[in-house]
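Comments concern the structure below.
What follows draws every value from the coordinates through simple rules; no lab data is involved. Computed from a prediction, not measured in an experiment: that's the story for all the values here. Neighbour counts run over all protein chains shown; Cβ positions are idealised from the backbone, glycine included.
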Amino acid sequence: MNKADSERLASGFEQLGLSESEDPRSADVVVLNTCVVRQGSEDRATGLLGALKKAKAKDPDRRIAVMGCMVGPKSDELSRRFPQVDAWARPQEFDPILQMAGETVGIDPDGCITELLPGDPNVATFIPIIHGCDKFCSFCIIPYRRGREVSRSVEELVHETEMLVSRGVREVTLLGQNVDSYGHDLEPVHDLADLLYAINDVEGLERIRFLTSHPSDMSEKIIRAVGELPKVCENINLPFQAGDDEVLDRMRRGYTRDQYLRKIDEIRTIIPDVVMVTDVIVGFSGETDEQFGQTLDILKQVRFDKVHSAAYSVRPGTIAARQHPDTVPVEEKKRRLAELSELQESICSEINNGLAGREFDVLIDGHSRGMLQGRTRTDKLVYLENSETFETRIGGFAKVRITGTSPWSLQGEVTAAEIPAAGDRLRVYPV
Ligand code: SF4
């Protein structure tokens, strides 16, 4: 979400005639885009602000702005603590920063900035579709910092997708803290399925993903849209966070273990080849070893292709910080995290081993390890070992036969590369 916001703000700066500086200490305008989901990241942001204070003392004309979820509804207290900051802006609130930058260069942003969209976006790029969160999970600070859910209109998002496609984008990931609650606040009401149908019609776009979903908002209509729409990738991230009902209740997640598992069954019935990804917290307040075992049990039952896991840390300002003491010792959290990672690594190994010899369409999105790399529809990272023998390029598709696997990535040989055809954005492979 922050990366998408930074790209959009950078586009506004470019339109004002500013260019990127490699070193914040030599920049005329510095913007700190903050994520404070954990206390540690907020501490890093305040540390950076301390360093910038010194830089500003040397050059008082330097302008400093802070955006992102460090900035809550009121910035008075922040302004008092950090007088070196010239502008504060909540997530997606670009105007105060553009005004500040405009004053620096003597240009009125209202007259010269058109759309805040990256001019040279990655071939696979992000589009925020809903901001904020209404859920108030007990461990999470997001609703207090990012506010209540606000959806962008279907028309605006379709237009933005068309613009991005005209700049070379072929895959979009629709973003929201609770992406599947999209549209309930619109007039007339829409939902994520409606948006997926609308964006699926954008000519030239090849793939659509969405992140991150809440199990309670994942309706049958959305699941059917994923199953039916050719451009929507069969890849769903559905966090379960904990496998025990008592822990889930303390987390205020709003579903039980059984309801979560039934949702997975429903998804797999409608989309048999779906790849499931999840997020898990270990060592939440009061979690016993047995309750942690319930989390491992869900991993064994569902066999996710990817698990984002983290040890619980208290976030001041949350319900859990006030009501649920952090009872699990740090060493025990680390032990549980290691046990979970080991289990998941073996599951990922088995899943990926089963892909050897199969052929996939890969959207090439970059270089690494001296090779081109890309992603399958199911978001598997694939390294292309013989890309030089075909007309492969970043932004193009290749057919790749998998020759090697690891728990975290695949390697494969290109068997055909997309033929770029002038004026024709359809994918064409040699016969
Ligand atoms: S759903 Fe829960 S964890 Fe996710 S952003 Fe909202 S409050 Fe935080």
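Data overview
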{"read-out": "Computed lengthening from residue 114 to residue 393, 0.36 nm per intervening residue step minus Cα-Cα distance", "value": "97.4 nm"}
{"read-out": "R0 of 25 Å, Cβ-Cβ distance residue 290-residue 265: FRET efficiency to nearest 0.05", "value": "0.55"}
{"read-out": "Derived scalar couplings ³J(HN,Hα) [the range 312-327; Karplus, 6.51 cos²θ - 1.76 cosθ + 1.60; whole Hz; x for Gly, Pro]", "value": "5, 10, 5, 10, x, x, 9, 4, 4, 4, 7, 10, 10, x, 7, 8"}
{"read-out": "Gyration tensor verdict on the range 124-353 (Cα atoms; rounded if a/c is under 1.5, prolate if a/b is larger than b/c, oblate otherwise)", "value": "prolate"}
{"read-out": "Three-way shape label, the range 1-70, alpha-carbon gyration tensor, a/c 1.5", "value": "oblate"}
{"read-out": "Three-way shape call for the range 1-127 based on the alpha-carbon gyration tensor, with the a/c threshold at 1.5", "value": "oblate"}
{"read-out": "Built amide H within the under 5 Å cut-off of residue 31, gap 5+", "value": "65"}
{"read-out": "Amide H partners (placed H, <5 Å) of residue 92, local residues excluded", "value": "68"}
{"read-out": "Additional length obtainable on full extension of the chain from residue 219 to residue 58, 0.36 nm per residue less Cα span", "value": "52.4 nm"}
{"read-out": "Inter-probe distance in nm under a simple model that places probes 7 Å from Cα toward Cβ, at residue 105 and residue 258", "value": "6.1"}
{"read-out": "Kirkwood hydrodynamic radius (C-alpha pairs) into Stokes-Einstein, the chain, 4 °C and 1.567 mPa s, D in µm²/s", "value": "55"}
{"read-out": "Overall dimensions of the range 280-412 as given by Cα atoms, namely Rg and Dmax in Å", "value": "19.6, 61"}
{"read-out": "Spherically averaged projected area in nm², based on the convex hull that wraps the Cα atoms of the range 200-293", "value": "6.5"}
{"read-out": "Amide H within-cut-off set for residue 309, under 5 Å, with H built and near neighbours excluded", "value": "280"}
{"read-out": "Largest-first principal axis extents, alpha carbons of the range 95-146, Å", "value": "46, 30, 14"}
{"read-out": "Cβ-isolated cysteines (cut-off 4.7 Å), the chain", "value": "35, 69, 112, 133, 233, 348"}
{"read-out": "Cα-Cα over 26 Å, subset of 300/334; 3/231; 3/263; 135/306; 306/399", "value": "3/263"}
{"read-out": "Karplus-derived HN-Hα couplings along the range 233-246 (A = 6.51, B = -1.76, C = 1.60, θ = phi - 60°), whole Hz, x at Gly and Pro", "value": "6, 7, 8, 10, 9, 10, x, 10, 6, 7, x, 10, 5, 5"}
{"read-out": "Calculated FRET efficiency for the pair residue 279/residue 14, C-beta based, R₀ 45 Å, to 0.05", "value": "0.85"}
{"read-out": "Fraction in percent of alpha-carbon pairs per bin - 5 Å, the range 359-417", "value": "4, 24, 40, 25, 6, 1"}
{"read-out": "Relative packing of 384-396, 87-99, which averages over residues the other C-beta atoms within 10 Å, highest first", "value": "87-99, 384-396"}
{"read-out": "Surface/4 of the Cα convex hull for the range 140-271, nm²", "value": "8.5"}
